[in-house]
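**Student:** My questions all concern the structure below.
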Amino acid sequence: MRVLCVFVVLFLLSSQVQAQLPVKQYEMGFETLEVFEYIKSLRETNQPIPIFPTRTSNALIVRTVADKSRASMAGLQENDLIHIVNGSHLRAPRAGDKKLSRITSQDELKLGVIRREENRWNRISVVLPAISDETALRLKLRKTPGLDSELLPVVKVRHRESPATIFAPDNFQLYFTETNSRPAQLHLRMAQLLPGKTVGGTFIIATEHGQTAFETEDGFDRDHKPSIYRRSKSPEWEPIQVELQLLLSEEGQRKIKEEFRVAEEAYEREFKDFKFDEKRTDKAYQERNKERLKQIAAMERINAELMRVEQNHQRLLRRQEQLANPASISGRNSRQLTEQSRKAIRALYTGLTPEQQEIVRKSVVSHRTPAFLNEAGLLQLEETGFAEWEIKLKRASQGWKWYDAPVNPQQLKLLRDIISSDNVTVHHARVPGQKFTVSAAQREQMKIVLDVFFEQGGKVQ
């Protein structure tokens, strides 16, 4: 037990050293680092060395496991020690990498793993079954739920290694959308940060076969300067705000009602047989009556809070009714939410992690526009699928230029040229000196997305 605790503490404390060591990444969906190199690095930096199980000096530490990958579906976990690959013990440095690098999607992979569970070492077997090439390609993609321009459910499918955000440096990628109401749609996305350089304009893509221009989204620059002092009233923002506020208001009412029920039952249990007598002055009676009055006051406070929440809920319902009647709303707030849209908004929110729900509550429900958020907050909010319009307002003010639109049939040839070319550059027409190169990794990711899109019956129309 003591040895195990020492290992856990030292292993966690030396995670910074792990992060600095080179890792090996495998298409099965996990990354590893060698125990040998890890211990060597600890010795060189005079750090304490964890006590590993016997005969694991050449084992591999599983650094990360990609979600919904072959490895995660087989049950491989972070910090597992791989000491056997397909029946062979790892007896020499780099033996594990040599064996794993030869594994393809059509090969079954059997791993002997040592894992810490319930204060003991467990030796278990993790089996990654063989899969088809088509399945292997699909596992390289990641699906992110969101809302489309009509506030209906949509799933964006991108390569798992491509940025989830539009606003990543030198971003260039393909993705496609899936909805229940429309066929899958292929999209091209590119972005570049050009602070203070230009407004609007076009991106120029240059390949070995020539140049092609793409108009950036520039209406944000001219028409909607974001301000950190105003409440956002964009066509998408307020309907989502109100719907989420109603959802949280309903949750709040349920919690307060439950709190009142518990308090009321406790009062009934404790004071059911209590007889009030104003003539009694003995200390025991006075103390008991004091406690009774204290509980009554607590229930009154709970009831007052419930009344406040219910009044606010009625206000939100009135605003929801106004938003459902575009004729009663002036300016840009003329979007009418359908019942399907309301369900989609609620489903998207309830499907978020607790951390994501918290950022939505702070940014959307509390009327704080994304202009208040730092970089990490903006990225977290974008990942939730909410407040897309307001995020773009903020990003435009930072100098971001981007293109994000469906691919038309005329652009397909260009996409294939990009994928097959060795040299592809992108620059903004008004800043030709600031160009970036579409990397080989980006082109490979585009090819995989394109292949899966067509393999699933997608069409560019």
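**Student:** So which residues in the stretch 45-84 are part of a strand (DSSP E or B) and either within 30 Å of Ser162 (Cα to Cα) or touching a Phe, Trp or Tyr at 6+ places or on another chain (Cβ under 6 Å) (or both)?
**Tutor:** Leu60, Ile61, Val62, Arg63, Thr64, Val65, Leu81, Ile82
**Student:** Select from the stretch 37-74 the residues that are β-branched (Val, Ile, Thr), modelled with pLDDT under 90 and in contact with a strand residue (DSSP E or B) (Cβ under 9 Å, 6 or more places away or on another chain) and list them in ascending order.
**Tutor:** Within the stretch 37-74, none qualify.
**Student:** Oh, and also: Just to check your reading of the model, which residue among Leu188, Leu141, Leu151 is surrounded by 18 or more Cβ atoms within 10 Å (Cβ to Cβ), in contact with a Phe, Trp or Tyr (Cβ under 8 Å, 6 or more places away or on another chain) and not small (Gly, Ala, Ser)?
**Tutor:** Leu188
**Student:** Select the strands (runs of 3 or more DSSP E) contained entirely in the stretch 86-161, then report the ones holding at least 3 residues which are closer than 30 Å to Arg342 by Cβ and in contact (Cβ under 8 Å) with a residue 12 or more places away in the chain.
**Tutor:** Of the strands (runs of 3 or more DSSP E) lying wholly inside the stretch 86-161, those with at least 3 residues that are closer than 30 Å to Arg342 by Cβ and in contact (Cβ under 8 Å) with a residue 12 or more places away in the chain span 141-147, 153-159.
**Student:** Taking the condition of being of a type in the set (Ser, Thr, Tyr) and exposed (fewer than 12 other Cβ atoms within 10 Å of the Cβ), how many residues in the stretch 99-123 meet it?
**Tutor:** Filtering the stretch 99-123 for residues of a type in the set (Ser, Thr, Tyr) gives 101, 104-105.
Then keep just the ones that are exposed (fewer than 12 other Cβ atoms within 10 Å of the Cβ); that gives 101.
Going through the stretch 99-123 one residue at a time, the tally reaches 1.
**Student:** Evaluate the stretch 266-281: report whether one residue or more is surrounded by fewer than 11 Cβ atoms within 10 Å (Cβ to Cβ) and in a helix (DSSP H, G or I).
**Tutor:** Taking every residue of the stretch 266-281 in turn, at least one turns out to be surrounded by fewer than 11 Cβ atoms within 10 Å (Cβ to Cβ) and in a helix (DSSP H, G or I).
**Student:** Let me ask something additional. Any residue in the stretch 140-161 that is at pLDDT 95 or above and of a type in the set (S, T, N, Q)?
**Tutor:** Checked against the condition, which is being at pLDDT 95 or above and of a type in the set (S, T, N, Q), the stretch 140-161 yields no hits at all.
**Student:** If you go through the stretch 362-382, how many residues are over 20 Å from Pro153 (Cα atoms), among the charged types (D, E, K, R) and at pLDDT 80 or above?
**Tutor:** Qualifying residue count, the stretch 362-382: 2.
**Student:** So which of Arg292, Arg342 ends up being under 29 Å from Glu259 (Cβ atoms), modelled with pLDDT of 90 or more and not acidic (Asp, Glu)? First the steps, then the outcome.
**Tutor:** Numbers: Arg342 fails: modelled with pLDDT of 90 or more.
The unique qualifying residue is Arg292.
The values are calculated or read from the model by the stated rules, or taken from the named source; none is laboratory data. Predicted, not measured: the structure shown is a model, and the values here were computed from it. Reconstructed Cβ throughout: ideal geometry from the backbone, glycine too, with neighbour counts over all protein chains shown.
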